[in-house]
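One structure is given below, encoded as structure tokens.
The values are calculated or read from the model by the stated rules, or taken from the named source; none is laboratory data. Only a predicted model underlies this, so the values are computations on that prediction, with no experimental measurement involved. Here the Cβ is made from the backbone with ideal geometry for all residues, glycine too, and neighbour counts use every protein chain on show. Each accessible area value is taken on the protein alone, full model and side chains, heavy atoms only, with ligands, DNA and RNA left out. Shrake-Rupley method; radii C 1.70, N 1.55, O 1.52, S 1.80 Å.
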Amino acid sequence: PLATFAEVDLCREFERQGALRDHRWRLTRANARFALCPSYPRALVVPAAVPDETLADAAKWRAKRRLPVLTWYNRESGSPLCRSSQPLSGFGGVCPEDETLLLHVRAACARTTAALRSSIIAPRRDHIPASAFDEVDPPLATQRASASPPVLRICDARPLLNAKANAAIGKGHETISRLGGKSAASLDFLEIPNIHVVNDSFRALREALRGPTAFPDEPAARDAAPEDDLPSVFRALHDSRWLHHVLALLRGADLVAEYSRRGDPVLVHCSDGWDRTAQVCATAQFLLDPFYRTLDGFRVLVEKEFVAFGHMFATRSGVTTQPLAAPWDPAAAYAPPSYPPPPKDLAAQNETAPVFLQFLDAIAQLIAQFPTVAQFDERALAILWSAAYSRTFVNFRHDCERDRALDRRPGPSVWPKLAACTNALYAPAAAPLRPTLALKTLTLCAMYLPHDAPPSPLALLRTKLDREKPPVAAAAADDAGPRADDEDPPEPPRPADSCPPRSSSSSS
């Protein structure tokens, strides 16, 4: 068996999804000794018609050898969600093995023989064995009578300008014309900024909140801002653009989820495939699969997308792999973590970024919009954020599966700490989530403030507005009779937000 050193059984998870019951997909042992990709898990699911030799050649064409592999299988539509890193295409580079792998990903989503045959470009059919054209009857996929082939949706999490700049140094993005043209494949740039932009944004956010900062040479926690400074506080919050970046992540995940709902295969990648790719894939699965909204399912989601598939927790958090001598303090679990000093090496310092926190923030925004769909609440997200910087838990101590395999030191797991963080309003819902994607619907998460913090700027603003209420309005409120809550006025009804049209770029 292909055991994993993360707290998730990937083989069992792919069996739950239904991927291993569809004969178009198979479990490969090519990465059993991390020879195919050092930062991938040992258990990988790939198209059944692609031999391991082709996988090895395709891995050479992707950054860090992170070739396209399955991460989630949509049982309702039969569409796969795959992840990878950027291709090393430069300007006009070609890799037939990588193209063959992508064509098989598209072919594995076809529901009929006619759709399957038309999904393979004529010059490429010599790569396809005759057994691949058998009649398809996946046990869990919805049967579709249409013979039209699916469209391979490639979602590049980077901004378009960044992807073009990477092409100048021998990297880049896929060429749609090599995959059959616009009728067979599409390329969308999700416009999610890189770790350096997110890191600067988070630093500005913490400075705006006047809370504990991430660097020891900056001031520690300060007193709350005076009421007269509230406009400057909100301006600083806006200028940090933190919520703008969270919104970009939510829009990208919603686009991926929409493609999967339509029944199209989706490939998500960024530069190296372990930061924005993990964020988008995990958030999209939270939207699509109700299992991931349970406590146990969220554990599987984080362990699969971030831990097993190689998100660099140690590098991004700036902590060492040595565990702390002191035990973890549960009383401080809901407070922002105590950040370690930045690495002395400037190059290592530039690799730190709150990638995992940005994902947790996106989940918190979804829970705020849909208060009953998750079995856990924001306290669980705050604990995970704190644990990622604690160096206590084995879950977030290393960068990839291979590093965990080499370090067998025991340690506690963070997941039992979340058992009490249940949502009293939880009501399981099987339908996919369709969030409202507008900046005015996002809120600043309470987990950014320490548990013993002074009143937040939002609370101060409300107090100031109450004091400035006109006498006539105050008298009218008194004549309206007693309220159920004598301390706080009732909140006005929130207007319904409309979803703005999504803009995407295509390249051929």
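In region 236-249, the residues that are among the acidic types (Asp, Glu) reach residues that are modelled with pLDDT of 90 or more and open to solvent by 20 Å² or more (accessible area, probe 1.4 Å) with C-beta atoms within less than 9 angstrom, at least six apart or across chains, in these pairs: ASP239/ALA204.
Is it the case that some residue within region 136-152 is open to solvent by 20 Å² or more (accessible area, probe 1.4 Å) and either at pLDDT 90 or above or touching an Asp or Glu at 6+ places or on another chain (Cβ under 7 Å) (or both)? Yes; the residues of region 136-152 include at least one that is open to solvent by 20 Å² or more (accessible area, probe 1.4 Å) and either at pLDDT 90 or above or touching an Asp or Glu at 6+ places or on another chain (Cβ under 7 Å) (or both).
Conditions tested, residue by residue: (1) buried (at least 20 other Cβ atoms within 10 Å of the Cβ); (2) modelled with pLDDT under 95; (3) touching a helix residue (DSSP H, G or I) at 6+ places or on another chain (Cβ under 6 Å).
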position	(1), (2), (3)
ALA236	no, yes, yes
LEU250	yes, no, yes
ARG276	yes, no, no
PHE286	yes, no, yes
PRO290	no, no, no
THR315	no, yes, no
GLN322	no, yes, no
ALA347	no, yes, no
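Looking across region 405-432, just one residue is surrounded by 13 or more Cβ atoms within 10 Å (Cβ to Cβ), at pLDDT below 90 and hydrophobic (A, V, I, L, M, F, W, C), and that is ALA405.
Within the bounds of region 59-76, is there any residue that is of a type outside the set (Lys, Arg), touching a helix residue (DSSP H, G or I) at 6+ places or on another chain (Cβ under 8 Å) and part of a helix (DSSP H, G or I)? Yes, there is a match, as at least one residue in region 59-76 is of a type outside the set (Lys, Arg), touching a helix residue (DSSP H, G or I) at 6+ places or on another chain (Cβ under 8 Å) and part of a helix (DSSP H, G or I).
Report whether or not ARG66 is surrounded by fewer than 18 Cβ atoms within 10 Å (Cβ to Cβ) and under 30 Å from PRO410 (Cβ atoms). No: the conditions fail for ARG66. Looking only at region 41-58, how many residues end up being touching a helix residue (DSSP H, G or I) at 6+ places or on another chain (Cβ under 6 Å) and assigned to a loop (DSSP other than H, G, I, E, B)? Residues that pass the stated criteria total 4. Of the candidates GLU207, GLU174, GLU191, the single residue that is modelled with pLDDT of 50 or more, open to solvent by 70 Å² or more (accessible area, probe 1.4 Å) and in contact with a Pro (Cβ under 7 Å, 6 or more places away or on another chain) is GLU191.
Looking at ARG26, is it closer than 17 Å to LEU103 by Cα and either part of a loop (DSSP other than H, G, I, E, B) or open to solvent by 10 Å² or more (accessible area, probe 1.4 Å) (or both)? It is true that ARG26 is closer than 17 Å to LEU103 by Cα and either part of a loop (DSSP other than H, G, I, E, B) or open to solvent by 10 Å² or more (accessible area, probe 1.4 Å) (or both). For region 104-115, state whether one or more residues are modelled with pLDDT of 85 or more, open to solvent by 10 Å² or more (accessible area, probe 1.4 Å), out of contact with any Pro (no Cβ under 9 Å at 6 or more places or on another chain) and not acidic (Asp, Glu). So far as region 104-115 goes, no, none of its residues is modelled with pLDDT of 85 or more, open to solvent by 10 Å² or more (accessible area, probe 1.4 Å), out of contact with any Pro (no Cβ under 9 Å at 6 or more places or on another chain) and not acidic (Asp, Glu). When the test is whether a residue is within 18 Å of the chain's Cα centre (by Cα) and assigned to a loop (DSSP other than H, G, I, E, B), PRO428 does not pass it. Yes or no: SER77 surrounded by 17 or more Cβ atoms within 10 Å (Cβ to Cβ), among the small types (Gly, Ala, Ser), under 32 Å from the mean Cα position of the chain (by Cα) and modelled with pLDDT of 95 or more? The answer is no for SER77.
Restricting to region 377-404, name every residue that is open to solvent by 20 Å² or more (accessible area, probe 1.4 Å) and in a helix (DSSP H, G or I). Residues satisfying the conditions are GLU378, ARG379, VAL394, ARG402, ASP403.
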